[in-house]
Amino acid sequence: MASPDKTALSRRALLSGAAGSAALATVARADDPAITGMQEWNQYLGDGVDAAPYGVPSEFEADVVRRDVPWLTADPVSSVNFTPLHKLEGIITPNGLCFERHHAGVALIDPAEHRLMINGLVDRPLVFTMEDIKRFPRENKVYFLECAANTGMEWRGAQLNGCQFTHGMVHCVMYTGVPLRYLLEEAGVKTNAKWIMPEGADASAMTRSIPLEKALDDCLVAFAMNGEALRPEQGYPLRIVVPGWEGNMWVKWLRRIEVGDEPWHHREETSKYTDLLEGGKARRFTWEMDVKSVITSPSPQAPITHGKGHTVISGLAWSGRGTIDRVDVSLDGGRNWQTARIDGPSHDKALHRFYHEFDWDGSPLLLQSRAVDSEGWVQPTKDALRAVRGTESIYHNNSIQTWHVRDGGEVENVEVG
Ligand code: MTE
Ligand code: CO
C-alpha cells in the first residue's frame, strides 16, 4: 500500500519528469488581472435556488452537444446523432448526451397508457402496466450500448473528422430495471420455446429475434437510466437492455415480447444488421460487440492547445464479451506500445476509462489505442479486419483508430493500416 509520503514523492517525480522544461502552471504575477482584478461574478449576486428547477450545464459548456452528420440525415425521424465523446469524462454518459438512433422518430408515450404484453409460446399471455413491472425485484447495472453501425463510415478509409462522429454511436449509463426472466417466468415459457421477439411501440414497430438463453441470462426491462426515468429519446417509459449486444436489439418503447421456437427473420436481421463480406455472402446474427477502444482526447475536435510538455491522453475501451483487461497506447502509429492506466470502475460490458500521460516534444504523432478484453480478444488493425471481412460491410468495425497530431497540436483522422 502506498504511504502518503510515497504518493507525494511519485507525484513530484511525475511532474518534474513529465513537465521537462515547461512547468505545469505559470508563476503567480502581481499584474495578472485574472487574479487581482474584480470580475463580474465577484460584484453581483448570482441566481437564486429556483432559477433552474431541472439543472442544465454552464453556458460555457454550450458546445458539449449531440451532433449529426448532415449527409447521413436525409430525414431526422429516421436518422442518428452522436455522443460528444471528446468532451466527456469517466465512464457514464449524461442522459442528455446519449446518442439517438430512431427509425421513426421519438414516440411520446403516456406511461399510464403504456402496456407490455408477453405472448406466443407461454402458458399465460400476460399484460403488464408500468406499475405491475415496478412490483418485481429490480437491479441496477452499468452497460454500454453501441450501434452495430458505429465506425461504419470508416470501413474503406478515414472519413469523419472527430471521435464524436467516428465512435459516438455508443453510450454507457446505469440502468434500473427488472430481469426479463422474472416476467417470462410469470408468463410461463413453454418447453419448446427458443427465441423471443421484443417489439417497439413507435411507428417503426422495431422487432428483433433474441435467443431465449440470452433473455433468461442478463436482459433487463429497464425504466430508468442514471437514476431518473428513461429519456423519451431512449425509449421512455420502457426499453429492453441486451448487455454487450448490438444496439439495434435494445428495442425502445417496448410494448410486446413474443416467445417463439425459431427466429422471425424480420427486416432488421436480414436486409439490415448483417455483415456483407467479399463475394456477396453475409454474416448474420453477429450480436456481440467486439473489443474496441478509441482515444477521445487529443482527437480532431480536441486538439492539443497547450504546446509541448506534459500531455494527458484520455480514452474509452469496451467489449461486449466482458471487462477490459488492458489498453495499449502508441504514439508512433503502432510501432511501439505502452500500457495505459485504466481508471475508474470496471463493470462487465461497460465503458472503461484509460489514461496515458507523456511528455510531448512538439513533433507529429500517430496516436493509437488497442484494447484487450477479459476473454483475451485483441482489437485488430484496420488491415487485419479487412483481410477477414473485406470492405463491403458497415457493421461491427472494431479496428484500431489513428489520430495524426500535427506539430501545432491540430489533430486529424488518418489511416495507417
Ligand atoms: N427501438 C425502437 N423501437 N425503434 C428504433 O428506431 N433503434 C435501434 C434501437 N432500438 C430503435 C430501437 C437502434 S438501431 C439503436 S443503435 C438503438 O436503439 C439506439 O438507442 P439510443 O437511441 O438509446 O441510443
Ligand atoms: Co443502431
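General remarks:
- Answer from Asn226, Asn248 - the residue that is touching a residue at least 24 places away in the same chain (Cβ under 8 Å) and either hydroxyl-bearing (Ser, Thr, Tyr) or within 16 Å of ligand 2 (Cβ to nearest atom) (or both): Asn248
- Number of residues in region 65-89 that are open to solvent by less than 30 Å² (accessible area, probe 1.4 Å), away from ligand 2 (no atom under 16 Å from the Cβ) and assigned to a loop (DSSP other than H, G, I, E, B): the value is 2.
- Scope region 179-220; condition aliphatic (A, V, I, L, M), in contact with a Leu (Cβ under 9 Å, 6 or more places away or on another chain) and within 19 Å of Arg124 (Cα to Cα); matching residues: Leu180, Leu183, Leu184, Ala187, Val189, Ala193, Ile196, Leu212, Ala215, Leu216
- Applying the criterion of at least 3 residues that are surrounded by fewer than 21 Cβ atoms within 10 Å (Cβ to Cβ) and at pLDDT 95 or above to the strands (runs of 3 or more DSSP E) found wholly in region 343-408 leaves 352-360.
- Of the strands (runs of 3 or more DSSP E) lying entirely inside region 202-277, not one is found with 2 or more residues being of a type in the set (Asp, Glu), at pLDDT below 95 and over 21 Å from the mean Cα position of the chain (by Cα).
- Some residue of region 51-64 being under 24 Å from the mean Cα position of the chain (by Cα) and surrounded by 13 or more Cβ atoms within 10 Å (Cβ to Cβ): yes
- Within region 97-111, the set of residues being within 12 Å of ligand 1 (Cβ to nearest atom) and either surrounded by 17 or more Cβ atoms within 10 Å (Cβ to Cβ) or not in a loop (DSSP other than H, G, I, E, B) (or both) comprises Leu97, Cys98, Phe99, Glu100, Arg101, His102, His103, Val106, Ala107, Ile109.
- Among the numbered conditions (1) free of Cβ contacts under 8 Å to residues at least 40 places away in the same chain; (2) within 14 Å of ligand 1 (Cβ to nearest atom); (3) closer than 30 Å to Arg370 by Cα, the only one that Ala282 does not meet is (2).
- Checklist (1) within 15 Å of ligand 1 (Cβ to nearest atom); (2) touching a Gly at 6+ places or on another chain (Cβ under 9 Å); (3) open to solvent by 10 Å² or more (accessible area, probe 1.4 Å) applied to Trp250, failing item: (3)
- Of the residues making up region 59-80, those that are among the charged types (D, E, K, R) and either touching a helix residue (DSSP H, G or I) at 6+ places or on another chain (Cβ under 7 Å) or in contact (Cβ under 8 Å) with a residue 60 or more places away in the chain (or both) are Arg66, Arg67.
The values are calculated or read from the model by the stated rules, or taken from the named source; none is laboratory data. Because the structure is a prediction, the values reported are computed rather than measured. Glycine gets a Cβ as well: all are built from the backbone with ideal geometry, and neighbour counts include every protein chain shown. Accessible surface areas use protein heavy atoms only, side chains included; no ligands, DNA or RNA. Shrake-Rupley method; radii C 1.70, N 1.55, O 1.52, S 1.80 Å.
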